[in-house]
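Some notes on the structure that comes next.
The values are calculated or read from the model by the stated rules, or taken from the named source; none is laboratory data. The model shown is predicted, which means the values in this text are computed figures rather than measured ones. We place every Cβ from the backbone using ideal geometry, glycine too, and count neighbours over all the protein chains shown. These area figures cover heavy atoms from the full protein model, side chains too; ligands, DNA and RNA do not enter into them. Shrake-Rupley method; radii C 1.70, N 1.55, O 1.52, S 1.80 Å.
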Amino acid sequence: MPATGDGRAPAAADLPGAHDGAPVGRARNRATTCPGLAAPPIPHPRARAVHASHPSRLSDPGGPAAAEGPADDAPLRLLVIEDDASDAQLIKAAVADSGTSIEIHWARGLDQATELLAPPAPWARRGRSRTPEFGCVLLDLAAPADLPHPSDASDGLEGLHELLRRAPHTPVVVLTDAAGAELGAAAVAAGAQDFLLKHETDGPLLARALRHAVERKRADESQRRLVEAELRGQENARLQRHLLPTPLLDGAGLSFTRRYRPGRRRALLGGDFYDAVRTDDGAVHVVIGDVCGHGPDEAALGVALRIAWRTLVFAGLTGEALLTTLQHVLEHERRSDEIFATLCMLVIEPGGTGNGLDSLGAGERARLYLAGHPAPLLLGRDHEPVTLPADLAGPALGLLPCHDGQAAWPAHEIELRAGWRLLLYTDGLIEGRVGAGSRRLGQDGLAGLVGDHQAAGLTRGRLVDSAIAEVEELNGGALTDDVAVLLLERNPVQLILG
């Protein structure tokens, strides 16, 4: 078979009509007698390219085969692995009679073929023209496999196994004799795209088999990438689910309902974060926050802040000392100085002087810390929802430096009467539009909306779900920002997670 450029394979010059990598196809005689007339090209099914990096390779990067045009105009580059020169000549004749533009390259064995199929070494890429890689390989199963360590158990497919190992992304069609039909079928089962019987193959059948092999390989690669993407998606989903917190409120006597909806499509984790823990002294610590932005970097930063917050609480920090340390964590973890986070933190002190669960909720007090975050709603049994005061709110974390005293987060003392309920949320819940105009729902709108649902007798999870549903209905569709909602309620019963 002919090779490209000046580097011909052994016995390549013995083939009648050998040429330098020119396409063989429609105008067989015209291409032989009139070298300047090239056969009309057919669409090339692959657009990736490699080039030769070893002087013993069969193709010359500087020869005609190195001219890389648009993928739709390039002929199919076929690598024939065949140790018999007469069989190689028959393949060339069949290609010429097939009516398609196919550029043939010939290798006597697998070692020569591997040099052509392998990608160029990094040191050889600079200053070298790029040669399109082969669209298909035609392998004679009788060709020597050139295996460095041949296996004792021979199944006749050693060469195919080695070729698939060295060039896993290149489609392969195998050739076998008339008595090897079963071997050809085994080759397809082992990874080849098709098999042909040598003496029953004409030009059109060969061209059709090559094209079908390319399309089958492309479909297999697409399916493989799809499966890999699905597996990565499942792994990411499991990872994100595990990054959501499990509140530690055993013995707190609280009903804790949470809802979390990332604004990003097909994501389980956003920039919003929340957590709730009970320390050994009986105090309940609750936090809800929002990292500006909506990407995976913001989601990762939110997780880092939540874990840091829980660690600091169990280490005994609270109040401004905790928030100052948390800002230092933010400053070291964020990817740019423009990133900040809003935060609402609540510390509920244990109340009551009696013994047992019946004393829970009697005369409790709480400290509220706001860092640029919306204030919670206090839902009482005998009044409409009330927005807690925000006059002592400090700046969002990361906006102002802590060392010069500009960032301060004083506590606001609040009293919690028996039967209290607190609704904490991120701004994604109140920034939705109301109707077709530009008016936003806002905190007052949310208070009225929750009050209406509370008056209808809804509690806990049903109250939160119905409120979110109406907010989305008013917005005219799903909310684009991350949304986190927490509903805490003092109960004379054990912890209930909604």
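Apart from one condition, VAL450 fits all of (1) open to solvent by less than 20 Å² (accessible area, probe 1.4 Å); (2) over 16 Å from LEU388 (Cα atoms); (3) of a type in the set (Val, Ile, Thr); the exception is (2). For the stretch 278-292, which residues satisfy the criterion of being surrounded by fewer than 19 Cβ atoms within 10 Å (Cβ to Cβ) and of a type outside the set (Ser, Thr, Tyr)? Matches in the stretch 278-292: ASP280, ASP281, GLY282, ALA283, CYS292.
Please work out if PRO395 is loosely packed, with under 14 Cβ neighbours inside 10 Å and without any contact (Cβ under 8 Å) to a residue 60 or more places away in the chain. No: the conditions fail for PRO395. Going through (1) of a type outside the set (A, V, I, L, M, F, W, C); (2) at pLDDT 90 or above; (3) not in a helix (DSSP H, G or I) one by one, ARG462 falls short only on (3).
Among the conditions (1) under 30 Å from the mean Cα position of the chain (by Cα); (2) under 30 Å from VAL313 (Cα atoms); (3) surrounded by fewer than 17 Cβ atoms within 10 Å (Cβ to Cβ), ARG216 misses just one, which is (2). Annotation note: Cβ proximity below 8 Å between a residue of the stretch 223-234 that is assigned to a helix (DSSP H, G or I) and a residue that is at pLDDT below 85 and open to solvent by 70 Å² or more (accessible area, probe 1.4 Å) (sequence gap 6+ or interchain) occurs for GLY233/ARG266. What number of residues within the stretch 83-114 are within 19 Å of PRO171 (Cα to Cα) and of a type in the set (Ser, Thr, Tyr)? Of the residues in that region, 3 qualify.
Scanning the stretch 353-372 for residues that are open to solvent by less than 40 Å² (accessible area, probe 1.4 Å) and either modelled with pLDDT of 50 or more or hydrophobic (A, V, I, L, M, F, W, C) (or both) yields GLU364, ALA366, LEU368, TYR369, LEU370, ALA371. Looking at the stretch 264-275, can you tell me whether even one residue there is basic (Lys, Arg), on the phi < 0 side of the Ramachandran plot and touching a strand residue (DSSP E or B) at 6+ places or on another chain (Cβ under 6 Å)? No, every residue in the stretch 264-275 fails to be basic (Lys, Arg), on the phi < 0 side of the Ramachandran plot and touching a strand residue (DSSP E or B) at 6+ places or on another chain (Cβ under 6 Å). Between SER466, SER438, the distinction of being within 25 Å of GLY270 (Cβ to Cβ) and either open to solvent by 60 Å² or more (accessible area, probe 1.4 Å) or basic (Lys, Arg) (or both) belongs to SER438 only. If only residues of the stretch 400-435 that are within 25 Å of GLU364 (Cα to Cα), open to solvent by 40 Å² or more (accessible area, probe 1.4 Å) and not in a loop (DSSP other than H, G, I, E, B) are counted, the one that is modelled with the lowest pLDDT is GLU415. Taking the conditions exactly as written (among the aromatic types (Phe, Trp, Tyr) and surrounded by fewer than 24 Cβ atoms within 10 Å (Cβ to Cβ)), does PHE273 satisfy them or not? Judged against the criteria, PHE273 is not a match. From the residues in the stretch 171-180 that are open to solvent by less than 40 Å² (accessible area, probe 1.4 Å) and modelled with pLDDT under 90, which one is nearest to ARG218 (Cα to Cα)? Among those that are open to solvent by less than 40 Å² (accessible area, probe 1.4 Å) and modelled with pLDDT under 90, it is THR176. Out of the residues in the stretch 294-317 that are surrounded by fewer than 22 Cβ atoms within 10 Å (Cβ to Cβ) and in contact (Cβ under 8 Å) with a residue 40 or more places away in the chain, which is nearest to ARG266 (Cα to Cα)? Looking at residues that are surrounded by fewer than 22 Cβ atoms within 10 Å (Cβ to Cβ) and in contact (Cβ under 8 Å) with a residue 40 or more places away in the chain, I get HIS294.
Taking interchain pairs and intrachain pairs at least six residues apart, which have beta carbon atoms under 7 angstrom, with the first residue in the stretch 325-352 and over 15 Å from PHE273 (Cβ atoms) and the second of a type in the set (S, T, N, Q)? From residues that are over 15 Å from PHE273 (Cβ atoms), the pairs are VAL347/THR318; GLY352/SER359. Going by what's in this entry, would LEU244 be described as under 28 Å from LEU379 (Cα atoms), free of Cβ contacts under 8 Å to residues at least 60 places away in the same chain, within 21 Å of the chain's Cα centre (by Cα) and open to solvent by 10 Å² or more (accessible area, probe 1.4 Å)? So LEU244 fits the description; yes. All of LEU183, LEU205 fail the test of being under 18 Å from LEU90 (Cβ atoms), assigned to a helix (DSSP H, G or I) and either in contact with a strand residue (DSSP E or B) (Cβ under 9 Å, 6 or more places away or on another chain) or open to solvent by less than 80 Å² (accessible area, probe 1.4 Å) (or both), apart from LEU205. Of the listed requirements (1) surrounded by fewer than 16 Cβ atoms within 10 Å (Cβ to Cβ); (2) at pLDDT below 55, SER86 misses just one: (2). Screening ALA267 on (1) modelled with pLDDT of 90 or more; (2) in contact with a helix residue (DSSP H, G or I) (Cβ under 8 Å, 6 or more places away or on another chain) shows it passes everything except condition (1). Could you tell me whether any residue of the stretch 147-155 is more than 32 Å from the chain's Cα centre (by Cα), among the hydroxyl-bearing types (Ser, Thr, Tyr) and modelled with pLDDT under 85? Scanning the stretch 147-155 turns up at least one residue that is more than 32 Å from the chain's Cα centre (by Cα), among the hydroxyl-bearing types (Ser, Thr, Tyr) and modelled with pLDDT under 85. Every condition in (1) part of a helix (DSSP H, G or I); (2) at positive phi holds for GLY451 except the one numbered (2).
Examine the stretch 237-251 for a residue that is under 30 Å from LEU463 (Cβ atoms), among the small types (Gly, Ala, Ser) and not in a helix (DSSP H, G or I), and state whether such a residue exists. Scanning the stretch 237-251 turns up at least one residue that is under 30 Å from LEU463 (Cβ atoms), among the small types (Gly, Ala, Ser) and not in a helix (DSSP H, G or I).
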